[in-house]
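The values are calculated or read from the model by the stated rules, or taken from the named source; none is laboratory data. Keep in mind that this is a model prediction, so the values were computed, not measured. Positions of Cβ are generated from backbone atoms using ideal geometry, with glycine treated the same way; all protein chains shown enter the neighbour counts. Ligands, DNA and RNA are excluded from the accessible area calculation, which covers all protein heavy atoms including side chains. Shrake-Rupley method; radii C 1.70, N 1.55, O 1.52, S 1.80 Å.
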Amino acid sequence: MEKKRGFEVIAAYKAKEVHLPIRATNHAAGYDFEAAEDTVVPSIWKVIVKSIARVIKQKKTDVIFIEEDKKYLKSTLVPTGIKAYMGEDEYLQLANRSSNPIKHQLILPNGVGIVDSDYYNNENNEGHIYFQFIHYGLTDHVIKKGDRIGQGIFMSFLKADTDKANGKVRSGGFGSSGR
């Protein structure tokens with residue numbers, strides 16, 4: 001039987017008891033992804049408060065402080081240990097769990113993630129799927145290994161009549177296909 005679409009554990013996580021995504025109910029559209037390891041998602045407020053305090057203390061915006069804050073005011077990547085294979089005219093849409101914002105103050109900064117079919121087994125990271133989060137709660141949030149963190153939905157897409165391949169080969173993730 002020919003494989004059409006599905007999930008596999010990446011090589012680095014084979015011995016780490018990572019579960020393949022599953023649908024929670026018979027009619028669920030999304031496959032639930034779990035965190036492959038414990039991950040701390042820091043509160044954005046910690047950096048914002050520290051930054052404001054520094055600006056007030058210095059009575060000016062110091063470029064050094066602003067650049068330092070940029071290092072910390074970013075999203076956190078949560079590994080799943082999973083890769084996905086699918087047809088050329090399909091992609092995997094990554095969505096937040098509906099309970100994450102209300103229960104854990106976790107949001108996906110890009111709204112949804114897109115995993116293209118050519119991300120699978122790419123040379124830089126084997127197609128490892130990560131969920132990226134920003135935590136807007138007041139204290140850091142710890143995602144534990146095995147916590148359900150998001151959903152993946154296989155989707156098909158259409159190409160424009162004037163579509164032309166550019167010959168590029170994907171070699172990574174998060175912006176690897178261009179600016």
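Counting only strands (runs of 3 or more DSSP E) that sit wholly inside segment 71-110, those with at least 2 residues that are open to solvent by 20 Å² or more (accessible area, probe 1.4 Å) are 76-79, 90-96. Only one of the listed residues (Ala12, Ala29, Ala36) is modelled with pLDDT of 95 or more and not in a loop (DSSP other than H, G, I, E, B). That residue is Ala12. Among the strands (runs of 3 or more DSSP E) confined to segment 115-164, the ones with at least 1 residues that are in contact with a strand residue (DSSP E or B) (Cβ under 7 Å, 6 or more places away or on another chain) and among the charged types (D, E, K, R) are located at 148-156. Please go through segment 137-154 and give me each residue that is open to solvent by 70 Å² or more (accessible area, probe 1.4 Å) and either closer than 28 Å to Lys4 by Cβ or at pLDDT below 95 (or both), ordered by number. Within segment 137-154, Leu138, Thr139, Arg148 qualify.
Would you confirm, using the coordinates I've provided, whether Ser43 is modelled with pLDDT under 95 and either on the phi > 0 side of the Ramachandran plot or touching a Gly at 6+ places or on another chain (Cβ under 9 Å) (or both)? It is true that Ser43 is modelled with pLDDT under 95 and either on the phi > 0 side of the Ramachandran plot or touching a Gly at 6+ places or on another chain (Cβ under 9 Å) (or both). Evaluation of Lys70 against the conditions (1) modelled with pLDDT of 95 or more; (2) farther than 20 Å from Lys3 by Cβ; (3) charged (D, E, K, R) shows that the sole unmet condition is (1). Filtered by the rule that a residue be open to solvent by 30 Å² or more (accessible area, probe 1.4 Å) and within 18 Å of Val142 (Cβ to Cβ), segment 19-54 gives Glu34, Glu37, Asp38, Val40, Pro42, Ile44, Trp45, Lys46.
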